[in-house]
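S.K.: First the structure, which I've put down as structure tokens, then a few questions once you've had a look.
The values are calculated or read from the model by the stated rules, or taken from the named source; none is laboratory data. What you are looking at is a predicted structure, and each value in this text was computed from that prediction instead of being measured. Positions of Cβ are backbone-derived with ideal geometry, glycine not excepted, and every protein chain shown enters the neighbour counts. Areas reflect the complete protein model, heavy atoms only, side chains present, ligands, DNA and RNA absent. Shrake-Rupley method; radii C 1.70, N 1.55, O 1.52, S 1.80 Å.
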Amino acid sequence: MTSAIVGWCGPVLLPAAVLLATSVLLAADSNRPEEEAAAAARESLKKAHGAGEAARIDRGVAQVARFWRPEDGDAAAFRAFVEAEFVPTGDPKDAVFGRLELALERIDGYFLSMSRDLRRGLDLDLGPLLPLDERLGSFEPAAHLSEDLFKSKLAFVALLNFPLTTLEERLAEGGGWSRRQWAEARLAQRFSTRIPAEVNAGLTQAYADAARYIADYNVYMHHVLTADGRRLFPPGLRLLSHWNLRDEIKARYADPEGLAGQRLIAAVMDRIVRQEIPAVAVNNPLVDWTPETGAVALSAVTDTPAPPGARAEARPDREADERYRRWLGVFQAERATIPYYPDEPTLVDRRFNRGREIPVAQFTALLESVLTSPLGEKVGRLVARRLGRPLEPFDIWYGGFKPRGKLAEAELDERTRKRYPTAEAYAADIPRLLRDLGFAPDRARFVAERIVVEPARGSGHAMGAARRDDQAHLRTRVGPQGMDYKGYNIAVHEMGHNVEQVFSMTTIDHTLLQGVPNTAFTEALAFVFQARDLELLGLGEPDPAALHLAALDEFWGTREIAGVALVDIAAWRWLEAHPAATPPEFRDAVVGIARDVWNRHFAPLFGVKDVTLLAIYSHMVDSGLYTPDYPLGHLIAFQVVQHFRTLKGPMGAEFERICQLGNLTPDAWMRQAVGAPVSAQPLLDATATALEAMPPAMP
Ligand SMILES: [Zn+2]
């Protein structure tokens, strides 16, 4: 299973069982009775199949032995199993491969469509949400699938006959593999770890605790005061940390009076990172808080109902490292899985080697190629010039490069509402949209027949299928007056996911290679569609000036989130070196790391040292090293979008070819897709070109 099933366009937290499924062996215990049985089985299998199969027999029997537990059977059962289920190369092995490929497609495919059906009330706009909908939505039919595949010994058949590979092998040799070899590697990889249910339950619990903490971490901004007692924010404004706080900073660039508010939000973020925010100021409109002095007072202003648990107490006591306690909880739960990954004992190794399939050293070098580029200083000077003042730390979130469209959003709303009064109207237009994007009429029809459009309860998402005879689902928001421009823009993005999902599942050669290397790739392919949404409304192609601004925006945004990812990685490295750390010790470490990364890569541009803002990201706390996916996503998306932008002729056939590469390693995928490994070079080149095209500075 890959992350390509659902294009959620945000963090996708896969079930732990899926995240943890890939390659490595448990250390064999040579004292176990299975060792003798294994030796006997190897001998009799070699006698039966000849020396040509000896290497496969040794490896296959060892792979089974490493995952076999007492409850799977005694030594005699072990021997009987491997002797009966090993198949020699040629027709017998081809037949086993074919059966397993089809079986796993059907198992995953039906489970996925069942989950989708159970989630209808939660995901679709079907009227009021029932408490039952939440219950049905969290019911996971495939929850025990991984262990059931071991118990039924289907997993052992795969491990006996197909090779487990390491990331090093896939990177070094994968370039020369056939498609079938890749499919065999993915087949075995699916069973490369077996984590006991209670360890998985501990993981789920720790992540859920951290997520609950984050989900309620709101700041009531009308109650955050300047040092001279002013309220800069409107009544009722409640901002969730960090997303809403950051987005409010971005939004205030359009406001000539926005600077004071931006400074105040940056101060709030700093107090959260350093845990100097008063506990009573979190999620509470009953008290006023002055970040500059730390003062807390009962508020005389009632602007919004207080949430349950909010206390009317003017206590200045700080939050006392709750943020770092939750983060440590995730770390400790992850530590409990160490015995099941002997070759990848740290979460850093596991997330990069298994999840992203990019070694962490290569990844860090990729980010540093952006952060150390001399373009940073040039773009920084340009930002300061456009702002008309020296840079301040929160300008890492400068949003002023967003190109302004020719039409106001209200005019765009009018057009899209008229064209798409209902979800059905959008569905009916899909073949035309695909033809205009450059797909041949028969391919446009083929894809359109495999996409179901439905009205979403939330902002929209794309859910792919996991069996060839199922359909991809496009969920989009359609208001009572029709689809507004925002909804349309998202629908075009999600349609890009759906087209990728159809080609990478239905027409791919091996369903074991279904999908894309990781979430960043399906997002990249969706952006290729989304970038052409105005063109599809008949409003012409984006002009070069808009493309230059978009490149600068992308560079500045990638630079910021690359800094965040480096802080996240360094924080986990620190935890691995200090597993017994207390929350205050961990807090001090993270604050120090955030300042170090800032001083190295941002202070030279900003002229300010020791800033902590890079550590504000909430997903550092609740998602276990997820943030590196953001800069990776930016770079991969830019590389893929540039490939299509420079393509001569219609893009349909090329889009289909690239989607059918499937779930290779990121580098192998990128080489076959665009002819180069994953790289920041296309972004750096476009940024340099954009800088040259900017009007010169006023004297
Ligand atoms: Zn998306």
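S.K.: By average Cβ neighbour count within 10 Å, what is the ranking of 274-280, 302-308, 371-377 from highest down?
M.R.: 274-280, 371-377, 302-308
S.K.: Quick one: what are the phi-derived ³J(HN,Hα) couplings along region 316-323, Karplus 6.51/-1.76/1.60 with θ = phi - 60°, whole Hz, x for glycine and proline?
M.R.: In residue order, the calculated couplings are x, 4, 6, 5, 6, 6, 4, 4 Hz.
S.K.: Given 5 Å bins starting at zero, what is the percent of C-alpha pairs of region 488-585 in each, up to the one with the largest pair distance?
M.R.: Reading upward from the zero bin: 2, 10, 12, 14, 14, 12, 12, 10, 7, 5, 2, 1, 0.
S.K.: If you take the charge dipole of region 332-413 about its Cα centre, with +1 on Lys and Arg Cβ and -1 on Asp and Glu Cβ, which of GLY399, TYR340, ALA361 is farthest toward its positive end?
M.R.: So the residue furthest toward the plus end is GLY399.
S.K.: Can you tell me the 0 to 90 degree angle between the C-alpha axis of helix 544-577 and the longest principal axis of the chain, rounded to 10?
M.R.: 70 degrees
S.K.: Next question, about the same structure. Hey, got the dipole for the chain? About the Cα centre, +1 on K and R Cβ, -1 on D and E Cβ, debye to the nearest 20?
M.R.: Magnitude of the dipole: close to 780 debye.
S.K.: Multiplying the sequence separation of ARG59 and LYS486 by 0.36 nm and subtracting their Cα-Cα distance, what value in nm do you get?
M.R.: So the extension gain works out to 148.3 nm.
S.K.: Could you work out the local net charge near THR507, counting Lys and Arg as +1, Asp and Glu as -1, over the other residues with Cβ closer than 9 Å to its Cβ?
M.R.: That works out to -1.
S.K.: For region 606-699, run through the trypsin sites (Lys or Arg not before Pro) and keep only the ones in DSSP coil with at most 12 other Cβ atoms within 10 Å of their Cβ.
M.R.: Sparse-neighbourhood loop trypsin sites (Lys or Arg not before Pro): LYS609, LYS648.
S.K.: In the chain, what percent of the accessible surface is made up of carbon and sulfur (1.4 Å probe, ligands and nucleic acids excluded)?
M.R.: Carbon with sulfur: 55 percent of the solvent-accessible area.
S.K.: Can you tally the net charge around GLU313? Count Lys and Arg as +1, Asp and Glu as -1, for every other residue whose Cβ sits under 15 Å from the Cβ of GLU313.
M.R.: With Lys, Arg at +1 and Asp, Glu at -1, the net is 0.
S.K.: If you don't mind, there's one more thing I want to ask. Quick one: check the C-alpha center-to-center distance for region 530-598 versus region 384-441, whole angstrom.
M.R.: Their Cα centres are 22 Å away from one another.
S.K.: Right, something else. Taking the Cα atoms of the chain alone, what are Rg (to one decimal) and Dmax (as a whole number) in Å?
M.R.: Radius of gyration, then largest Cα-Cα span, for the chain: 27.0, 88 Å.
S.K.: On to the next question. Of LYS250/LYS648; LYS46/LYS153; LYS378/LYS609; LYS250/LYS609; LYS46/LYS151; LYS378/LYS648, which pairs sit farther than 30 Å apart, going by alpha carbon to alpha carbon?
M.R.: Listed pairs above 30 Å: LYS250/LYS648; LYS378/LYS648.
S.K.: Further, regarding this structure: How big is the charge dipole of region 348-464 about its Cα centre, in debye rounded to the nearest 20, if each Lys and Arg gets +1 on its Cβ and each Asp and Glu gets -1 on its Cβ?
M.R.: It comes to approximately 220 debye.
S.K.: For the chain, what is the accessible area per residue in Å², given a 1.4 Å probe and the full set of protein chains?
M.R.: 41 Å²
S.K.: List every residue whose amide H lies under 5 Å from the amide H of ARG457, counting only residues 5 or more places away in sequence or on a different chain, with H placed 1.01 Å from N in the peptide plane.
M.R.: HN-HN under 5 Å from ARG457: LEU124, ASP125.
S.K.: Taking the Cα centre of each part, how many Å lie between region 199-234 and region 464-500?
M.R.: With region 199-234 and region 464-500 each reduced to a Cα centre, they are spaced 31 Å.
S.K.: Determine, at each q value in 0.23 (inverse angstroms), the log₁₀ of I(q)/I(0) that the Debye formula gives when each Cα of region 130-212 is one equal point scatterer.
M.R.: Evaluating at q = 0.23 Å⁻¹ gives log10 I(q)/I(0) of -1.08.
S.K.: Another question, then. If you take the charge dipole of the chain about its Cα centre, with +1 on Lys and Arg Cβ and -1 on Asp and Glu Cβ, which of GLN275, THR89, ILE195 is farthest toward its positive end?
M.R.: Working it through, the farthest residue towards the positive pole turns out to be GLN275.
S.K.: What do you get for Rg/Rh of region 91-135 when both radii come from the Cα atoms and Rh is the Kirkwood radius?
M.R.: That ratio is 1.35, to two decimals.
S.K.: Can you pull the semi-axes for region 117-173, root of five times each eigenvalue of the Cα gyration tensor, sorted largest first, whole Å?
M.R.: Equivalent ellipsoid semi-axes, largest first: 39, 17, 7 Å.
S.K.: Rounded to the nearest 5, what % of DSSP beta bridges with both residues in region 440-544 are antiparallel?
M.R.: 50 percent
S.K.: Additional query: So, in nm, how far is label ARG600 from label ARG212 when the simple model puts each one 7 Å beyond its Cα toward the Cβ?
M.R.: Going from the ARG600 label point to the ARG212 one covers 3.7 nm.
S.K.: Next up: How large is the translational diffusion coefficient of region 541-638 in µm² per second when you combine the Kirkwood radius over alpha carbon pairs with Stokes-Einstein at 37 °C and 0.692 mPa s?
M.R.: In µm²/s, the coefficient rounds to 223.
S.K.: In addition: When only Cα pairs under 8 Å and 6 or more residues apart are kept, what is the percent relative contact order across region 91-155?
M.R.: The value is 27 percent.
S.K.: Now a separate question. I'd like the antiparallel share, as a percent to the nearest 5, of DSSP beta bridges with both residues in the chain.
M.R.: Antiparallel bridges make up about 75 percent of those DSSP assigns within the chain.
S.K.: Out of ALA565, THR506, PRO256, whose Cα points farthest toward the positive end of the dipole of the chain (charges: +1 Lys, Arg; -1 Asp, Glu; placed on Cβ)?
M.R.: Checked the options; the winner is PRO256.
S.K.: Something else about it: For the pair ALA297 and LEU132, how long in nm is the line joining their label points, each one 7 Å along Cα→Cβ?
M.R.: Each label point is offset 7 Å from its Cα along the Cβ direction, giving 5.3 nm.
S.K.: Under 4 °C and 1.567 mPa s, how fast does region 548-699 diffuse according to Stokes-Einstein, given a Kirkwood radius computed over C-alpha pairs? Answer in µm²/s, whole number.
M.R.: It comes out at roughly 72 µm²/s.
S.K.: Starting from the eigenvalues of the Cα gyration tensor, five times each then square-rooted, give me the equivalent ellipsoid semi-axes of region 392-509, largest first, whole Å.
M.R.: 28, 19, 14
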